[in-house]
Every structure is written in C-alpha cells, then in structure tokens.
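Quick note: the coordinates plus some simple rules give every number you see, no bench work behind them. No experiment lies behind these values; they were computed from the predicted model shown. Glycine also receives a Cβ, built like all others from the backbone with ideal geometry; neighbour counts cover every protein chain displayed.
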Amino acid sequence: MAAYTAAFSVSTTGKGTYEITREVEKIVAESGIASGTATIFVRHTSASLVIMENADPSARTDLEAFFDRLVPEDSDYFIHTCEGPDDMPSHIRMALTRTSEVVPIVQKRMVLGTWQGLFLFEHRRARHHRQIVVAVVGE
C-alpha cells in the first residue's frame, strides 16, 4: 500500500463554485497510484467541497442561489457575526455540505461520472486563498 499527499491553493473572488478537478487529477497522476482512493479536503470552516455537474454552469448557479435562500445573510438571530453578516451563514453552509470528498482511482485516474466535477464552494463574499489537501492511497 502506498500513500501520496500534496496540497494546492485556490484563490477565490467571493461566493461561488470553483472547479478543482484538473488540479486533483494532476496530483493523482503524480502519485503513481493505479488503484485506490483520493481524499480531497478543504482546510477551512467557511468553504466546502462538492461534486457537482460540470457541463452546464447554470446548475451551479442554481445551487448557489438555493444556499443563499436556505441560509440568508440578513438573519437577525445570528450571534457569531464578528467578521460580518456572511460569517455565520458561511459556517452553516459549510456544515450542510462537506469539507472532504473521497473518489475512487482506477487505472491511475479518478472515477468521476461523465458530468461530474470537483468544486470548491466558497461561502464568503470576500476574496480568499483556500488550501486543498489531497491524500492518495492505494497500489
């Protein structure tokens, strides 16, 4: 059993989804692992990861709009607002999604569906530099 770990950063321009599939594919290829799993992890509490449709951007636009309605920033019952009105909503959105995804590797490639891509889901309005760690394990 072999293991390989690498990290990269994603610069965001505010709320939205940012595709990271190619960066993760590159790390999987560098690992030399032919069969196993890749665990992708975001090291933040106000951003998350999703596997989402990557062919039609309107699917991601709808996802982002849904989360804006599900967890609005103007709720007067939030106490944790020291970094602004998007502070607590960003943490809730992260908790409702995931900070990690696990993808199988077969024949040295991630096994994603035809229209699936890996995305960083930024929940804050301001620009951020998000750290992504990829751990590849297998043979």
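Values computed for the structure shown
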item	result
Mean-position separation - Cα centroids, the range 43-66 and the range 100-126, in angstrom	11 Å
Highest to lowest packing among 43-55, 118-130, 8-20, 62-74, scored as the average C-beta count within 10 Å	118-130, 43-55, 8-20, 62-74
Which of V103, S58, A3, positive extreme of dipole for the chain (C-beta unit charges)	A3
Within the chain: Cβ-based charge dipole about Cα centre, in debye rounded to nearest 20 (Lys, Arg +1; Asp, Glu -1)	400 debye
Among T21, S46, G84 - extreme Cα towards positive end, dipole of the range 2-138, charges at beta-carbon	T21
Farthest positive-ward along the chain dipole, Cα basis, beta-carbon charges - from A135, G113, H123	A135
222 nm mean residue ellipticity, helices alone, for the chain (DSSP H n ≥ 4; -39,500 (n - 2.57); rounded to 500)	-8000 deg cm²/dmol
Relative contact order of the chain, defined on C-alpha pairs under 8 angstrom at six or more residues apart (%)	55 percent
Phi-based couplings in Hz for the range 48-57 (Karplus 6.51, -1.76, 1.60; Gly and Pro marked x)	9, 10, 9, 9, 9, 3, 10, 8, 10, x
Structure-derived volume of the Cα convex hull per residue in Å³: which label, when the choices are (i) 141; (ii) 98; (iii) 115	(ii)
Calculated from backbone phi, Karplus (6.51, -1.76, 1.60) coupling profile of the range 24-34 in Hz, x at Gly/Pro	5, 4, 5, 5, 4, 5, 4, 5, x, 7, 8
